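Below you'll find the structure, written out as C-alpha cells, and then a few comments.
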Amino acid sequence: MPELIVPTVRLRDSWLESRDEWGKGVHQDGSGLRFGTELDTPAGFAAWVEWLVSCADRLRPAPEGWVHCTFRWIVEGDRYLGAIALRHELDDFLLRAGGHIGYGVRPSARRRGLASFALGAMLGEARALGLDRVLITCNVANEGSARTIEGRGGVLEDIRETEIGTLKRYWIAL
C-alpha cells in the first residue's frame with residue numbers, strides 16, 4: 001500500500017535506483033532536485049534530504065529563489081516510487097508555469113494510480129495550510145497527468161506558452 005512520507009536518508013539506495021531510471025541530470029517534477037546537488041555520497045544525500053525537510057519550515061526564510069514548500073515521497077515499504085511538492089504560495093514564475101503542486105513517479109512505477117493517490121493526499125495538506133484553491137500545471141502532451149489532475153477536480157483555466165513549454169493550467173478548489 002503506498003504512503004506519503006517525509007524525505008529520509010533511510011531510502012537513499014532506493015532513491016538512487018529511481019534517479020538512475022529517470023537518468024542522471026534529468027528533471028524530476030516534485031522532487032526539489034536542483035542542478036548540481038551532490039547525491040552520490042551519503043553526506044551529500046543527507047544534506048539534500050535535510051534541505052528538503054527544511055523548506056517547509058515557515059520560521060526560517062525560504063531558500064533563495066524558492067518559496068516555502070512541503071516535500072513528500074511516495075513509497076511502498078522501503079521502495080521509493082516518486083515525489084510530490086506543495087508550494088505554500090505562488091511567486092510570478094509559479095503562477096505562470098509551476099503551480100502549487102508538482103509530482104513525478106519513477107518510470108517503473110507509472111500507470112498504477114500513484115500520482116492520483118499522492119495528489120489527493122497533498123490536497124489535504126494544502127487545506128491544512130489554509131489554501132482555498134491550488135494551481136497545478138502539466139505539459140500539454142502529458143495526457144496521463146491531465147487525467148490525474150482532472151480526476152481530482154482540476155478545472156482547466158488555459159493552455160499557454162511558458163518558459164518551460166506549453167502547459168495546461170488547472171485550478172482545484174479546496
Report the rotationally averaged projected area of segment 71-165 based on its alpha-carbon convex hull, in square nanometres. 6.4
In whole percents, the bins of 10 Å from zero upward hold the Cα-Cα pairs of segment 119-174 as 25, 51, 24, 0
Along the principal axes of its C-alpha atoms, what lengths does the chain span, in descending order and rounded to whole Å? 43, 37, 30
In whole Å, largest first, what are the principal axis extents of the Cα atoms in segment 34-112? 34, 32, 23
Build a GNM of the chain with springs between Cα atoms under 10 Å: which of 82, 102, 25 gets the top mean-square fluctuation? 25
Per-residue accessible area for residue 157 at 1.4 Å probe radius, Å² rounded to 10? 100
Output for segment 2-87: chymotrypsin sites (Phe, Trp or Tyr not before Pro) sitting in coil per DSSP, at most 16 other Cβ within 10 Å, listed by number, reads 35, 66
Taking segment 45-88 on its own, what percent of its Cα-Cα pair distances exceed 14 Å? 52
Which is the longest part of the chain that has none of the trypsin sites (Lys or Arg not before Pro) sitting in a DSSP loop with at most 14 other Cβ atoms within 10 Å? 113-174
Note down the relative contact order for segment 16-174 as a percent, whole number, built from C-alpha pairs under 8 angstrom at least six residues apart. 18
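Quick one: with all protein chains in place, what share of the accessible area of the chain is carbon or sulfur, to the nearest percent (1.4 Å probe)?
In the chain, the share of accessible area belonging to carbon and sulfur is 52 percent.
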I need the fraction of alpha carbon pairs in segment 5-80 separated by more than 21 Å, rounded to a whole percent. 23
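The values are calculated or read from the model by the stated rules, or taken from the named source; none is laboratory data. Remember, predicted model here, so these are calculated numbers, not experimental data. Please note: Cβ atoms are built from the backbone with ideal geometry, for glycine as well, and neighbour counts cover all protein chains shown. Note: areas computed on protein heavy atoms with side chains; ligands, DNA, RNA excluded. Shrake-Rupley method; radii C 1.70, N 1.55, O 1.52, S 1.80 Å.
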